[in-house]
Amino acid sequence: MHFEDLRPGDRFDLGSVEVDEEEMLAFARRFDPQPFHLDSDAAARSTFGGIIASGWFTASLFMRLYVDRVLADSTSQGSPGLSELRWLAPVRAGDLLSGRLTVLESARSATRPGRGTVVLRGELLRGEEPVLRTTFRGLFGLRSGPVG
């Protein structure tokens, strides 16, 4: 996939992933050991009523779908970052999440021939309910190469 393949309004189905309890808990133990991610009793007493996935774990699930469906076979040159990351609903073990990517903007680079920038909206949904939304920039090589 090249810059030219990412046109504003385009939407990509990123596939789906089931939240694996062991992976979810291992991630929380290592990177986000808050009680409502690890302790069943504490989580039951929390506003969540049970153990939920770390938002960072949920974001990593989106990233894996994005890599597998878009970046792995692309001219990606990385990303300068994101402008939005929202956790919209708690995610739990066993949830089936589907990924969606929408191209919001695209522009050829004025300073780097052969490259363009796209603004992308990524989402994870549980059924029709969005659980994660992110807006970020991606840098992609042009099919036509440097202009000049």
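The single condition among (1) part of a strand (DSSP E or B); (2) open to solvent by less than 30 Å² (accessible area, probe 1.4 Å); (3) closer than 30 Å to G50 by Cα that V119 does not meet is (3).
Okay, residues lined up against (1) in contact (Cβ under 8 Å) with a residue 24 or more places away in the chain; (2) basic (K, R); (3) surrounded by fewer than 18 Cβ atoms within 10 Å (Cβ to Cβ):
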{"position": "A44", "(1), (2), (3)": "no, no, yes"}
{"position": "L65", "(1), (2), (3)": "yes, no, no"}
{"position": "T75", "(1), (2), (3)": "yes, no, no"}
{"position": "G81", "(1), (2), (3)": "yes, no, yes"}
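Say whether the condition of being touching an Asp or Glu at 6+ places or on another chain (Cβ under 8 Å), under 20 Å from V67 (Cβ atoms) and not β-branched (V, I, T) is met by at least one residue in segment 8-16. Scanning segment 8-16 turns up at least one residue that is touching an Asp or Glu at 6+ places or on another chain (Cβ under 8 Å), under 20 Å from V67 (Cβ atoms) and not β-branched (V, I, T). Residues in segment 26-42 that are open to solvent by 50 Å² or more (accessible area, probe 1.4 Å) and either touching a helix residue (DSSP H, G or I) at 6+ places or on another chain (Cβ under 9 Å) or not charged (D, E, K, R) (or both): R29, F31, P33, Q34, P35, F36, L38, S40, D41. Only residues that are in a loop (DSSP other than H, G, I, E, B), within 24 Å of A72 (Cβ to Cβ) and either open to solvent by less than 10 Å² (accessible area, probe 1.4 Å) or not aliphatic (A, V, I, L, M) (or both) were counted in segment 122-145, giving 3.
The values are calculated or read from the model by the stated rules, or taken from the named source; none is laboratory data. Computed from a predicted model, the values in this text were never measured in an experiment. Cβ coordinates were reconstructed from backbone atoms using ideal geometry, including for glycine residues, and neighbour counts include every protein chain displayed. Remember, those area values only see protein heavy atoms, side chains included, never the ligands or the DNA or RNA. Shrake-Rupley method; radii C 1.70, N 1.55, O 1.52, S 1.80 Å.
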